[in-house]
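To start, the structure itself, in structure tokens.
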Amino acid sequence: MDINITFDTSWKDEWLQRLNQHGPWADWNIYNLGWQSIEETAVENFHTLYAPKYLEHLQLYPHQIEAARTVIEKMNGKAILADEVGLGKTIEAGLILKEYMIRGLAKKVLILTPASLVSQWVSELNQKFFIPAVEQRKEYVWEQADIIVASIDTAKRPPHCDIIEEQNYDFIIVDEAHKLKNPKTKNYQFIQQLKKTYCLLLTATPVQNRLDEVFYLVSLLKPGYLGDAETFQQSYQTEEDQEHLQKLMKQVMVRNRRQDANMDWPKRTVHTVDIEMSQEERDLYEEVSKLKSSQTPIHPFTVLTLQREVCSSREAAYLTIQSMIKEAEGNEELQQTLQQVIGKIEQVSLHSKAQKALELIQQLNDKVIIFTEYRGTQLFLQYFFQQNGIKAVPFRGGFKRSKKDWMKQLFKNQAQVLIATEAGGEGINLQFCHHMINYDLPWNPMRIEQRIGRIHRLGQENDVTIYNFAIQNTVEDDILQLLYHKIGLFENVIGRLDDILEKADSDFVEQHVSDILLQSKTEGEKRIKMENLTAFIESKKEENDASGGHSPVS
């Protein structure tokens with residue numbers, strides 16, 4: 001079939017005629033339209049936000065508008081956005097970027113995020129802000145596209161990094177910027193090399209009271225603002241010095257708290273689910289515990305890890321034991337000891353914790369996200385649920401970006417359960433789900449809050465329910481009873497715990513718990529040490545209340 005294509009060339013004849021006659025080039029109507037266009041797009045006052053009137057479809061909260069105003073008017077477009085989990089840092093960053101684009105100050109833009117968040121960023125910028133951001137997939141995109149969202153792990157590698165470092169960016173946004181606290185990492189050095197006029201660093205966790213972390217993050221924004229590293233460390237030791245540092249940080253950091261946002265948040269209800277092991281599971285746990293007192297060259301921390309894995313699933317423990325057997329090649333005594341553990345694993349036929357999860361999911365008859373620490377458990381749960389008629393999808397850090405997006409869509413549209421590991425669940429927004437199971441409890445309380453923040457955030461329309469699983473008379477029970485319940489983790493609002501753990505240092509808490517469980521020779525000694533730890537955290541609570549809930553550097 002022939003298709004006739006006709007090109008309109010009538011404009012050409014008129015244009016040539018005007019060219020020969022030197023006009024006329026305009027009339028009053030065209031001039032008037034041009035003038036109206038200039039009036040509409042003119043930015044007359046720098047102390048006014050123009051972006052909101054172009055985003056009437058988007059619900060912007062007062063704290064988000066104020067954050068954008070502060071960054072633009074007081075911080076010259078260079079800031080750390082450190083809002084508490086769920087307050088909408090992405091919206092704030094998008095609003096600031098939109099404002100700079102309207103003002104004609106941002107054309108060449110780069111957004112760097114973890115791989116799992118690239119598509120989420122592109123979608124939000126496109127749909128909520130009408131910003132034509134594209135996802136970086138090919139090498140040529142770096143030079144041809146104006147607004148690019150990319151994985152920082154891809155961007156930092158050759159040949160990409162060589163092309164990027166040649167670009168002059170008007171605006172750079174870095175999500176999950178708390179991972180840039182170490183100046184010796186490639187990620188930090190890569191960001192440091194980029195040429196940029198404006199820059200936003202978004203952090204999912206509060207800037208802690210570690211002076212080096214504060215210094216290196218701020219140095220990415222404003223090199224020299226806090227002096228050099230050595231002088232900085234020496235200059236901020238006393239309480240008066242800390243007050244001065246707080247004033248300096250207020251010039252580069254915006255941190256909104258839930259308690260100050262004046263918003264009606266969905267209720268958060270927490271249930272502890274105590275689980276009793278079957279006899280076969282208890283025998284396996286005791287067999288693993290014997291390794292700690294045996295003459296084998298097994299490190300106590302390895303035994304502790306195995307105890308936690310047994311509490312999670314036999315599959316998680318099996319994978320670790322098999323790896324240990326391979327490493328013990330040539331040591332027949334150790335291999336024989338480990339084979340005895342394998343024998344106990346093979347005798348376990350009932351998974352008490354998995355059965356409890358199944359019963360709960362069937363009872364809820366709604367979408368549920370499950371967090372586990374172990375990939376072996378993740379794979380087992382997916383199989384176990386599907387065998388019982390529950391459609392479940394996995395989500396973990398090792399997935400490629402496209403697969404993560406696919407899993408999220410499957411969970412939203414088809415599956416009832418999403419089973420996520422810690423790395424996999426980082427940064428994803430799942431407001432369409434309001435039930436969460438903490439299948440394994442981490443030793444760092446802040447990680448629990450970050451998990452809950454996946455669903456207890458802006459956009460959540462339902463009350464949120466959290467179920468914490470713990471097997472009785474095991475290391476899990478110790479953590480739940482002596483740490484989480486003592487510090488009132490689940491009773492505190494998220495922001496208050498942030499402040500407390502900023503003062504207590506959540507990494508210190510995790511390390512201290514590990515040391516207690518490893519070094520305590522008796523149950524009594526372990527209990528006393530845990531009581532001392534919780535007393536320490538209680539003192540930090542009192543400090544937090546006395547200071548009005550604000551840390552020295554926030």
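The values are calculated or read from the model by the stated rules, or taken from the named source; none is laboratory data. It should be emphasised that the depicted structure is a prediction, and the values quoted were computed from it without experimental measurement. Heads up, the Cβs are rebuilt from the backbone with ideal geometry, glycines too, and the neighbour counts pull from every protein chain shown.
The single residue among ASP13, ASP83 that is under 30 Å from PHE399 (Cβ atoms) and of a type in the set (Asp, Glu) turns out to be ASP83. Condition test on LYS247, is it out of contact with any helix residue (DSSP H, G or I) (no Cβ under 9 Å at 6 or more places or on another chain) and touching a residue at least 24 places away in the same chain (Cβ under 8 Å)? In short, no.
In region 421-476, the residue that is modelled with the highest pLDDT out of those that are of a type in the set (Gly, Ala, Ser) and touching an Asp or Glu at 6+ places or on another chain (Cβ under 9 Å) is ALA470.
Based on this model, can you work out whether LYS526 counts as at pLDDT 75 or above and either of a type in the set (Asp, Glu) or touching a Ser or Thr at 6+ places or on another chain (Cβ under 7 Å) (or both)?
yes
Residues that are out of contact with any Leu (no Cβ under 6 Å at 6 or more places or on another chain), touching a residue at least 60 places away in the same chain (Cβ under 8 Å) and among the aliphatic types (A, V, I, L, M) within region 441-474 comprise ILE452, LEU458, VAL464, ILE466, ILE471, listed in sequence order. Residues of region 364-405 that are exposed (fewer than 14 other Cβ atoms within 10 Å of the Cβ) and over 26 Å from VAL310 (Cα atoms): ASN365, ASP366, LYS400, SER402. Could you tell me whether LYS412 is in a helix (DSSP H, G or I), in contact with a strand residue (DSSP E or B) (Cβ under 7 Å, 6 or more places away or on another chain) and either modelled with pLDDT of 95 or more or of a type outside the set (Ser, Thr, Tyr) (or both)? No; evaluated as a whole, the condition is false for this residue. TYR236 meets the conditions (1) in contact with a Leu (Cβ under 6 Å, 6 or more places away or on another chain); (2) modelled with pLDDT of 80 or more in every case but one. The failed one is (2). When residues in region 213-258 are screened for being of a type in the set (S, T, N, Q) and either in a loop (DSSP other than H, G, I, E, B) or within 21 Å of the chain's Cα centre (by Cα) (or both), 4 of them pass.
In region 121-142, the qualifying residues are those that are modelled with pLDDT under 90 and not hydrophobic (A, V, I, L, M, F, W, C), and the one that is surrounded by the most Cβ atoms within 10 Å (Cβ to Cβ) is ARG137. Do the conditions hold for GLU329, that is, is it acidic (Asp, Glu) and in a loop (DSSP other than H, G, I, E, B)? The answer is yes for GLU329.
So, of the residues in region 168-182 that are surrounded by 15 or more Cβ atoms within 10 Å (Cβ to Cβ) and over 20 Å from LEU125 (Cα atoms), which turns out to be modelled with the highest pLDDT? Give the derivation first.
Initially, region 168-182 is screened for residues surrounded by 15 or more Cβ atoms within 10 Å (Cβ to Cβ), giving 169-181.
Add one more test, that the residue is over 20 Å from LEU125 (Cα atoms), and what stays is 178-181.
Details: HIS178: 84, LYS179: 85, LEU180: 88, LYS181: 82.
Among those residues, the one meeting the criterion is LEU180.
Scanning region 1-55 for residues that are closer than 30 Å to ILE65 by Cβ, modelled with pLDDT of 80 or more, of a type in the set (A, V, I, L, M) and assigned to a helix (DSSP H, G or I) gives a single hit, ALA51. Here are the criteria: (1) closer than 27 Å to ASN462 by Cβ; (2) acidic (Asp, Glu); (3) modelled with pLDDT under 95. Tell me which single one GLU333 does not satisfy. Unmet condition: (1). Among the residues making up region 345-358, those that are assigned to a helix (DSSP H, G or I) and over 16 Å from ALA470 (Cβ atoms) are ILE345, GLU346, GLN347, LEU358. If you go through region 66-91 and keep only what is surrounded by fewer than 21 Cβ atoms within 10 Å (Cβ to Cβ) and either under 24 Å from SER123 (Cα atoms) or among the charged types (D, E, K, R) (or both), you end up with GLU66, ARG69, GLU73, LYS74, LYS78. Mind listing whichever residues of region 438-474 are surrounded by 22 or more Cβ atoms within 10 Å (Cβ to Cβ), of a type in the set (A, V, I, L, M) and more than 18 Å from the chain's Cα centre (by Cα)? Across region 438-474, the qualifying residues are ALA470, ILE471. Among the residues making up region 262-289, those that are without any contact (Cβ under 8 Å) to a residue 60 or more places away in the chain and either surrounded by 14 or more Cβ atoms within 10 Å (Cβ to Cβ) or within 22 Å of ASP440 (Cα to Cα) (or both) are GLN279, ARG282, GLU286, GLU287, VAL288, SER289.
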